[in-house]
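A quick write-up on the structure given underneath.
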Amino acid sequence: MNDFNYYAPTKVVFGKGAEQKVGNLIKEQNCKKVLIHYGSGSARRSGLLDRIEAIFDKEGITYIELGGVVPNPRLSLVYEGIALCKKENVDFILAVGGGSVIDSAKAIGYGVANEGDVWDFYAKKRVPTACLPIGAVLTIAAAGSEMSNSSVITNEDGGLKRGCNTDLCRCRFAVMNPELTYTLPDYQTQCGCTDIMMHTMERYFNMSENMELTDGISEALIKTVMKHSKILKEHPDCYESRAEVMWASSLSHNDLTGCGTDGGDWACHQLEHEIGGMFDVAHGAGLAAVWGSWARYVYKARPERFAKFARNIFNIQETDDEKAAVAGIEAMENYYQSVGMPTSLCELGIHATEEQIKEMADKCSFYGKRTVGVMKKIGAPEAAEIYRMANDKSIPLYSR
Ligand code: NZQ
Ligand code: ZN
């Protein structure tokens, strides 16, 4: 097992009616003025924002609001939020929504607490030294931003989707009421489940040895999400399934499933960021569309790891590691299809030209300045090959 630090400072308040506690949670923060940040309308339509506003009014908490965050949250709204917070002397941001809202809140928090252009942190030109404190009321189980150290923002100028990772932005608290996710369309539920599993799978596919406990936690998490994602297709208001999936969303991306590993592969996330940046697709769907092609491209680097995945997740009995690995990749793609997730770019509605493939590959490699992944180092040529495999629906799944 590798040495590691594990830091998960977010206070989790989980369960039915949990949002009723948001007033007390804010008061514990000793802040003077709160920005309530939210998305494109679901939190207003569900009545959640009205309930939070009523609590704030009753408790005498001063607040202003900024809505309008869209999936793949935009830098332009982040700039607007930074200017607003500075003008209004906001000292705490409450994100009400999913990963996009929380990430936008984190970016605003960086922008207020540091001098200069906040995009520099996402473009890796500078590192932030502070962030306004953030809290979250989660409405979709997916990105895990409620406990992660990450914020992912899309710069409309150039269609660049980039992340910034520091412990400074970790939420002070996360309010998680699974009932708040009943209103999700099935597609968003399934995109969320895909992303949750991927946060563990990215960590699981690594080059480390001897992680019995971490592997066991990871496999249980993946199987749990898989099981409940299927139940939610038929029963979207099943509390137990919503709760299992919501807790998995946080545990999958608060680093628990990476303890003792080399950190994992993460190539699929980096490949997806370019798809999301250029084609504005839902993050989870983009991951599903590229995962099978990535897996087929890299599994020979460590077939025994893919074979372990196949045997422990899908109960595949094949004794030959390479054959088991391929069977596991097929089983995962079959699962994606069974829940309505794409397994190719075409199924996402993308028919990328060779020029677009090269552009995504160049961007993914920071124009030749980096490789991604640990199972195989993926530079621009390798990324282009994986995008081509994912793009070509005429290639049958089993030979991709
Ligand atoms: O904007 P509203 O109207 O709220 O609609 C949202 C949005 O259209 C809707 N929604 C959310 N809760 C709902 C609901 N609709 C009905 N009922 C509810 N209760 O769902 C849509 C998707 O929301 P979004 O916040 O975009 O989803 P998600 O949580 O999947 O976040 C995706 C973003 O997070 C980034 C992704 O790249 C993407 O930009 N990620 C962030 C990470 C992090 N910070 O740690 C890690 C991830 O790997 C990921 O990259
Ligand atoms: Zn993700």
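Side notes on the structure shown:
- Scanning region 189-203 for residues that are in contact with a Gly (Cβ under 8 Å, 6 or more places away or on another chain) and either open to solvent by 10 Å² or more (accessible area, probe 1.4 Å) or not small (Gly, Ala, Ser) (or both) returns Gln190, Cys191, Cys193, Thr194, Asp195, Ile196, Met198, His199, Glu202, Arg203.
- Number of the exception - Pro71 against (1) farther than 19 Å from Met176 by Cβ; (2) open to solvent by 30 Å² or more (accessible area, probe 1.4 Å); (3) away from ligand 2 (no atom under 16 Å from the Cβ): (3)
- Taking residues in region 1-18 that are closer than 17 Å to Thr166 by Cβ and without any contact (Cβ under 8 Å) to a residue 60 or more places away in the chain, and partners anywhere that are open to solvent by less than 90 Å² (accessible area, probe 1.4 Å) and not in a strand (DSSP E or B), the pairs with Cβ atoms closer than 9 Å and at least 6 places apart or on different chains are Asn5/Asp255.
- The set of residues in region 175-224 being more than 18 Å from the chain's Cα centre (by Cα) and within 9 Å of ligand 1 (Cβ to nearest atom) consists of Leu180, Tyr182, Thr183.
- Filter result (part of a loop (DSSP other than H, G, I, E, B), within 26 Å of Ser229 (Cα to Cα), hydroxyl-bearing (Ser, Thr, Tyr) and open to solvent by less than 30 Å² (accessible area, probe 1.4 Å)) within region 131-184: Thr139, Ser145, Ser148
- Residue tally, condition without any contact (Cβ under 8 Å) to a residue 40 or more places away in the chain and surrounded by fewer than 17 Cβ atoms within 10 Å (Cβ to Cβ), over region 214-225: 2
- Restricting the first member to region 58-77 and to residues that are more than 16 Å from Ile108 (Cα to Cα) and of a type in the set (D, E, K, R), and the second to residues that are at pLDDT 95 or above and surrounded by 14 or more Cβ atoms within 10 Å (Cβ to Cβ), the beta-carbon pairs closer than 9 Å and six or more apart or on different chains are Lys58/Gly23; Glu59/Gly23; Glu59/Ile26.
- Scan of region 42-70 for residues that are in contact with a Leu (Cβ under 9 Å, 6 or more places away or on another chain), hydroxyl-bearing (Ser, Thr, Tyr) and in a loop (DSSP other than H, G, I, E, B), ordered by number: Ser46
- Hey, Lys27 assigned to a helix (DSSP H, G or I) and either open to solvent by 30 Å² or more (accessible area, probe 1.4 Å) or of a type in the set (Val, Ile, Thr) (or both) or not: yes
- Total residues in region 185-203 satisfying the condition of being near ligand 2 (Cβ under 10 Å from one of its atoms) and over 17 Å from Val225 (Cβ atoms): the figure is 0.
The values are calculated or read from the model by the stated rules, or taken from the named source; none is laboratory data. The structure displayed is predicted, hence computed values, not measured ones. Quick reminder, even Gly has a Cβ in these numbers, built from the backbone with ideal geometry, and neighbours come from all protein chains shown. For accessibility, only protein heavy atoms count, side chains too; no ligands or nucleic acids. Shrake-Rupley method; radii C 1.70, N 1.55, O 1.52, S 1.80 Å.
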